[in-house]
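See structure below.
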Amino acid sequence: MVAVHVSSGASSRSIGAAMDAPAQFRYPSLPASSPLLKKTQPLGPGSFWYQDGSGHVCQYAPDSVLPCFTITGTGNTAPAVPPLTPATIAEHVADRLTLSPGQVKTSPASAGLTGAPSWFWLDPAPATERLSVSLAGEAVTVTAVPQIAWRFGDGSSVDGGAGVPYQPGPVPSTAITHVYATRCLPGDQGHNPYVLSSCGSGGYQLVATVSWQISYRANGPVAAAGALPTRTTTSSASYPVSEARAFLVGGTAG
């Protein structure tokens, strides 16, 4: 039996196909000269070729149950198909992770004020993602854990979480806040000599960079675990900051 199992978060689904037919129907012939074999992604993005444990050449595509083939013909040599390993499966599964960074949100929403804290957060907040696939007897789970670095556009930065929306009262430890010392409003750059060189045309450039630490764990004929290359996604926004000014007002005591 060939089974594909996909899970993400609390939801999961399985697709199975019984392989009880005679071998010639379970493993249809495919000529070694077939153009299909020359395609590294035979069924489009996310698909690939692999070898099962019996020397058959098989196709994989997300959420699909596909046949394995017996390669025939002596006039041509079929391209080498890498054996299926937990790392190979994990690499393809990782390509299907959404890895969404969310959108930058701010409070105050329209513009910050020098000397006063501004709050920043990502909505929706990036969260740990998991995706599992069972293929050729191997059950492989890929996990991506987000780490977030904030750059506030004035040279300041902080490594933290996704932040939380503004709330009155004590500042929670999960909040991402920053106090700007210098104004930056649209039109300031090139006209106001007191603004920072990093002041953009629409305000300070806020950037949240999400670094996804990706790992996998496999159970089956081969038990394995390892790390995959880190991936990054970013979310950005322009944030104007005005300044508070104090004025001395003269008067006569009455």
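Every number here is computed from the coordinates shown, using simple stated rules; none is lab data. This one's a predicted model, so the numbers in the text were calculated from it and none came from an experiment. Quick reminder, even Gly has a Cβ in these numbers, built from the backbone with ideal geometry, and neighbours come from all protein chains shown.
How many angstrom separate the Cα center of the stretch 175-221 from the Cα center of the stretch 26-66?
45 Å
I need the phi-derived Karplus couplings for the stretch 114-129: 6.51 cos²θ - 1.76 cosθ + 1.60, θ = phi - 60°, integer Hz, Gly and Pro marked x.
4, x, 10, x, 9, 9, 9, 7, 9, 9, x, 5, x, 10, 4, 10
Testing the spin-label approximation: label points 7 Å from Cα along Cα→Cβ at Thr177 and Val222. State their distance in nm.
5.2 nm
HN-Hα J couplings of the stretch 184-192 from phi, Karplus 6.51/-1.76/1.60, θ = phi - 60°, integer Hz, Gly and Pro as x?
For the stretch 184-192, the Karplus-derived couplings read 7, 10, x, x, 5, 4, x, 10, 10 Hz, x marking Gly and Pro.
Enumerate the amide H contacts of Leu135 below 5 Å, restricted to partners 5 or more residues apart or on another chain; note that Pro and chain-start residues carry no placed amide H.
Distant-sequence amide H within range of Leu135: Val140.
Suppose R0 equals 41 Å; then what is the FRET efficiency for Leu66 and Ser157 from their Cβ-Cβ distance, rounded to the nearest 0.05? Spell out each step's value before the answer.
On the way: r = 47 Å, r/R0 = 1.15.
Between Leu66 and Ser157 the formula returns 0.30.
If you keep only loop residues by DSSP, which chymotrypsin sites (Phe, Trp or Tyr not before Pro) in the stretch 125-231 have at most 12 other Cβ atoms within 10 Å of their Cβ? Before the final figure, lay out each step's value.
Values: sites: Trp150, Phe152, Tyr166, Tyr180, Tyr194, Tyr204, Trp212, Tyr216; in loops: Phe152, Tyr166, Tyr180, Tyr194.
Those that pass, being in a loop and sparsely packed, are Tyr194.
Can you compute the modelled spin-label distance between Ala109 and Ser201, with each label point 7 Å from Cα toward Cβ, in nm?
2.6 nm
Quick one: which residues, 5 or more positions from Thr72 or on another chain, have an amide H under 5 Å from its amide H? H modelled 1.01 Å from N in the peptide plane, none for Pro or chain starts.
HN-HN under 5 Å from Thr72: Leu30, Ala32.
Run the Debye formula on the Cα coordinates of the stretch 67-183, all scatterers equal and no solvent, and tell me log10 I(q)/I(0) at q = 0.11, 0.16 1/Å.
Computed log10 I(q)/I(0) values: -0.58, -0.85.
Set the Förster radius R0 to 41 Å, insert the Cβ-Cβ distance between Ala32 and Arg130 as r into 1/(1 + (r/R0)^6), and round the FRET efficiency to 0.05.
Working: r = 39 Å, r/R0 = 0.94.
Step by step, r from the Cβ atoms, then E = 0.60.
Per residue of the stretch 98-104, in order, report the coupling 6.51 cos²θ - 1.76 cosθ + 1.60 (Karplus, θ = phi - 60°) as ³J(HN,Hα) in whole Hz, putting x for Gly and Pro.
6, 6, 7, x, x, 10, 6
How large is the convex hull of the C-alpha atoms of the stretch 103-242 per residue, in Å³?
Details: hull volume 17.0 nm³, N = 140.
About 122 Å³ per residue, rounded to a whole number.
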